[in-house]
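Asks: Below you will find the structure I want to go over with you.
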Amino acid sequence: MKQFVRSHLNRAALLKCGAVLLFAAAATSAQGGMFDDDEARKQIAAERKRIDEMTTQQKDVEARLGKVEEAFKSQALLDLFTQIESLKAEMNKLRGQIEVLNNNVENTSKRQRDMYLDLDTRVRRFEQQGGPPASEAPATTAPTAGGAAPPAAATAAGSAPPTTVATDSAAETRAYEAAQGLRRVGNYQGAIVSFQNFIKQYPKSNLAPRAQYWIGDSYFNLRDFKLAIASQQTLLKIYPDSPSVPDAMLNIASSQIEMGETVVGRKTLEELVSKYPVSEAAEKAKRRIGAAGSGASSTANAPAGKP
């Protein structure tokens with residue numbers, strides 16, 4: 001019996017010890033798990049902290065990049081845009097100034113042509129309508145021995161020539177202006193024929209030298225430089241004392257340069273300056289002497305402001 005009790009007691013003790021051991025093991029296991037969760041939490045917290053730091057750095061970089069972009073947009077592009085707008089405004093201003101200058105040049109040239117034509121017409125009329133020469137003028141209109149007035153026929157004869165001259169002068173002016181009209185519209189071939197007919201019809205006209213000059217100039221515009229030179233040389237030969245001689249020499253030099261004879265053309269320009277130093281053509285020749293060797297085209301061929 002004692003052995004049975006003892007065996008039961010030993011069994012209970014063993015069971016009790018086993019239970020204690022199991023509880024201790026469970027506690028130990030629980031503590032081990034608790035320790036594992038804390039470590040994981042620490043690692044997670046550390047990772048989150050690193051992520052937060054990287055996020056903060058990223059945001060900082062993005063902010064700095066945004067500031068750079070904003071600065072670029074607000075300064076460089078703005079400055080470039082301002083410069084472009086300034087250049088556009090300056091170009092528009094220059095265009096306006098060029099248009100004004102072109103208009104002034106055209107108006108000045110027109111006024112000069114009109115003034116020249118008016119002056120030339122008035123001088124020509126004065127020369128041709130000034131009355132008969134003194135040798136042909138009627139003798140002093142003193143009364144005859146009987147106190148009678150001069151015969152009416154003689155007075156009529158003395159007044160007839162001015163009327164005739166005035167009529168011829170008007171026709172002469174119309175013929176010259178008709179030829180000029182053809183030249184102005186670019187009908188150079190028609191102008192050549194009209195000026196030639198004018199010279200044949202009015203060989204002693206004060207406008208004949210100018211007509212001869214415009215024949216050569218028209219050939220120049222047709223780029224027939226040989227005939228241009230020949231026409232201007234005709235002017236130099238027939239009208240050596242004409243004010244158109246310097247212009248003719250300038251036209252000859254321009255034709256020679258256009259033909260590639262730059263050395264000859266330069267000599268003609270120098271001769272023009274030497275013979276007619278105060279003429280408008282000489283001033284143009286002086287400006288062109290430096291460029292004659294390069295074969296510059298004759299943009300200043302015809303004298304400005306002269307019809």
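The values are calculated or read from the model by the stated rules, or taken from the named source; none is laboratory data. Computed from a predicted model, the values in this text were never measured in an experiment. FYI the Cβ positions are ideal-geometry reconstructions off the backbone, even for glycines, and counts take in every protein chain you see.
Asks: Could you check segment 166-176 and list, in sequence order, the residues that are buried (at least 16 other Cβ atoms within 10 Å of the Cβ) and farther than 13 Å from residue 199 by Cα?
Replies: 169
Asks: Taking the stated definitions as given, is residue 230 modelled with pLDDT of 95 or more and either at negative phi or not aromatic (Phe, Trp, Tyr) (or both)?
Replies: yes
Asks: Of all residues being aromatic (Phe, Trp, Tyr) and closer than 21 Å to residue 120 by Cα in segment 181-238, which is surrounded by the fewest Cβ atoms within 10 Å (Cβ to Cβ)? Just the residue, please.
Replies: Applying the filter and picking the extreme gives 202.
Asks: Name every residue in segment 242-260 that is in contact with a helix residue (DSSP H, G or I) (Cβ under 9 Å, 6 or more places away or on another chain) and not in a helix (DSSP H, G or I), in order of residue number.
Replies: Answer for segment 242-260, where residues must be in contact with a helix residue (DSSP H, G or I) (Cβ under 9 Å, 6 or more places away or on another chain) and not in a helix (DSSP H, G or I): 242, 243, 244, 259.
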